[in-house]
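Only one structure is covered here, and it is reproduced in the block below.
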């Protein structure tokens, strides 16, 4: 590749888990935006910041690859899975209760069973388009109830009163937040 050319792609594997690809290699990030742990070929790095401000702190925890990195990755994935087992079940097509969420695959769009959903992250936004550049229609509080119309590609089409728009699917759950 050309010396000045940069390449970076971030793939969301599940809520809070990302695979990062670049010209220099691959790494995995675990945790929410603004506070995550990155595990890659150069070791383990923790990142903490205030989203939207440009203020952040980064610290390298270890050297190159080794057993410590693998153990930290396994421990981090185990902790994350324990904290998000409800979301993982929904992502795999299973409800946290005894029933099963019915989904159909159609050109990359999952149409989840419509119904009541709860907002699990305060400040989540309903937008007019299924992307972050869409116009903000309404900001929701944690615990707010919305009605799911459809879901696909990480976005959920919802209604709240007379507003219909798109929210990140990862902020919605079938149970009220704790």
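The values are calculated or read from the model by the stated rules, or taken from the named source; none is laboratory data. Owing to the predicted nature of the structure, the values given are computational and were not obtained by experimental measurement. Note that each Cβ is placed from the backbone with ideal geometry, even for glycine, and that neighbours are counted across all protein chains shown.
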Wholly enclosed strands (runs of 3 or more DSSP E) of the range 124-170 bearing at least 2 residues surrounded by 18 or more Cβ atoms within 10 Å (Cβ to Cβ) and modelled with pLDDT under 90 = 145-152
request  = For residue 35, work out the one condition from (1) in contact (Cβ under 8 Å) with a residue 12 or more places away in the chain; (2) over 18 Å from the mean Cα position of the chain (by Cα); (3) closer than 20 Å to residue 121 by Cα it doesn't fulfil.
outcome  = (2)
message = Given (1) surrounded by 12 or more Cβ atoms within 10 Å (Cβ to Cβ); (2) outside any loop (DSSP other than H, G, I, E, B), identify the lone condition not met by residue 116.
response = (1)
note = Within the range 16-34, the residues that are under 24 Å from residue 154 (Cα atoms) and loosely packed, with under 15 Cβ neighbours inside 10 Å are 19, 21, 22, 26, 32, 33, 34
